[in-house]
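J.: This is the structure I have questions about; it appears just below.
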Amino acid sequence: MAIQIVPHTEERKPLVEAFNAKMHGGGSQYGFYVEPTPRWIPKREGQKVWRELYLAVRSGKDGDQEVVGGYALKPQVWLVDGQEHLVADWQGPFSLGAIDNKYAAMGLRMVRDMLKKQPLIYSWGHGGEDEPIVRMLRKMGWLLHETPFLFRICKPKNFLTKNAYLREDGKKALAQDFLAYSGLGFLGLHTMHAALRVRSLKLRFEAQSEVVPQLGPWADELWEKAKDAYRAIAVRDADTMNALASPQHDHDEWPEPVRLRVRKDGRDIGWAIVLERQQKGNARFGDMRMGMIADYFAHPDDAAEVIHAAFAHLRDLGVDMVMANQSHPKWIAGFEDAGFLKVDKRRIFCASPELEKVLKPWTETREGLFLSNMDGHGPMGI
């Protein structure tokens with residue numbers, strides 16, 4: 001059988017539908033995008049970030065065709081040590097190898113195809129070092145860098161009684177119910193968050209946030225002033241962010257984003273993009289109302305102020321918990337200063353050998369590498 005990796009097209013939509021049906025019928029939770037034009041950041045002239053969809057198509061001797069895999073790329077302009085580079089995130093690869101060993105090599109073939117199209121490529125996510133894709137990338141000589149998960153609980157009772165992940169064990173669930181209804185959980189969790197803020201010696205935050213319809217010239221001014229404070233960061237000017245968090249939000253992969261302009265003492269110090277959603281039967285969050293600080297920008301010295309302003313907005317909306325992922329040490333410290341708890345080694349930044357060369361010396365660059373939930377393939381998981 002001959003397999004080619006080709007761009008997704010309108011004509012191939014029925015083939016993708018058949019692929020998805022076969023994947024789900026075989027017990028896999030994964031599939032691929034039926035529509036060939038991405039609803040999130042389709043390619044437009046002059047845009048510094050977009051998405052591309054590719055399919056692995058098998059052609060039989062009689063001319064019939066079958067989709068056996070697919071992946072997505074998100075090229076975006078990055079600034080690394082002051083120089084612009086086109087760096088791409090990849091999503092997938094998804095293949096029939098998940099349900100049929102005959103296609104077990106498709107994952108490796110698609111990764112190699114990605115590298116031909118975009119040598120400076122990365123992925124940020126994964127469940128741990130034991131995942132098959134992570135083991136494969138390690139064997140291929142990719143750079144692997146672990147980053148934390150950050151969260152702050154707003155409503156301890158709901159966190160203890162509605163969090164599906166923590167309640168898988170019946171005995172633990174019973175203990176959590178006791179903590180929730182006795183009030184001890186409220187005291188313990190609030191004391192823990194307060195202790196983080198005491199440790200930071202910054203008990204008062206003064207920045208205020210304002211909901212805005214989109215980012216404007218003021219955001220470009222912030223970008224120009226603060227971009228050189230980072231060693232490696234995706235471009236975050238107004239046009240790019242208005243593409244990533246479009247005011248014309250028209251997909252359901254995550255909730256509609258809210259854009260916040262953050263000011264202190266009458267001046268702009270940063271911005272944040274936040275999301276919130278009421279969960280129902282979520283595998284991790286159960287029935288909690290979740291908030292996410294999905295993206296943000298400021299000088300690293302203003303990190304805690306921007307984070308706290310974004311957190312306060314979500315807290316006032318009534319969420320049970322606020323979460324985020326981040327790689328930059330000063331921003332991670334800013335989250336902790338704002339009362340967030342840190343859980344280490346929850347995501348892995350995987351960079352291709354060619355991207356690792358651009359990021360050298362890595363021991364220095366990693367101290368200034370900025371990744372938020374809007375990097376990679378977007379703020380999924382909420």
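Coordinate-derived values only; no laboratory data. The shown structure was predicted, so the numbers you read here are calculated from the model rather than taken from an experiment. Here the Cβ is made from the backbone with ideal geometry for all residues, glycine too, and neighbour counts use every protein chain on show.
J.: Counting each DSSP H run of 4 or more residues in the chain as -39500 (n - 2.57), what helix-only mean residue ellipticity at 222 nm follows after dividing by all residues, to the nearest 500 deg cm²/dmol? Walk me through the numbers on the way to the answer.
T.: Numbers: 12 runs with 121 residues, N = 382.
-9500 deg cm²/dmol, from helical runs alone.
J.: Sticking with this one: Once you charge only the Cβ atoms, +1 for Lys and Arg and -1 for Asp and Glu, what is the size of the charge dipole of the chain about its Cα centre, to the nearest 20 debye?
T.: Around 920 debye, computed over the chain.
J.: Quick one: angle between helix 170-182 and the longest Cα principal axis of the chain, in degrees between 0 and 90, rounded to 10, please.
T.: It is inclined by approximately 30 degrees.
J.: Please name which of G82, I41, G69 has its Cα lying farthest along the dipole of the stretch 1-82 towards the positive end, using unit charges on Cβ (Lys, Arg +1; Asp, Glu -1) and the Cα centre as origin.
T.: Working it through, the farthest residue towards the positive pole turns out to be G82.
J.: Another question, then. Have a look at D239, D64, D301 and tell me which one the Gaussian network model of the chain (Cα, springs below 10 Å) gives the largest fluctuation.
T.: Looking only at D239, D64, D301, the largest GNM fluctuation is found for D64.
J.: Pick out which of M140, M323, M114 has the largest mean-square fluctuation in a Gaussian network model of the chain, springs linking Cα atoms closer than 10 Å.
T.: With Cα springs under 10 Å in the chain, the top fluctuation among M140, M323, M114 is at M140.
J.: With springs only between Cα atoms under 10 Å apart, run a GNM on the chain and tell me which of V77, V212, V16 wobbles the most.
T.: Fluctuation is largest for V212.
J.: Which whole-Hz ³J(HN,Hα) couplings does the stretch 250-257 yield from phi under the Karplus relation 6.51 cos²θ - 1.76 cosθ + 1.60, θ = phi - 60°, glycine and proline marked x?
T.: 9, 9, 10, 5, 8, x, 4, x
J.: Let me test this: with uniform point scatterers at the alpha carbons of the chain, what is the Debye-based log₁₀ I(q)/I(0) at q = 0.12 1/Å?
T.: Values returned for q = 0.12 Å⁻¹ are -0.99.
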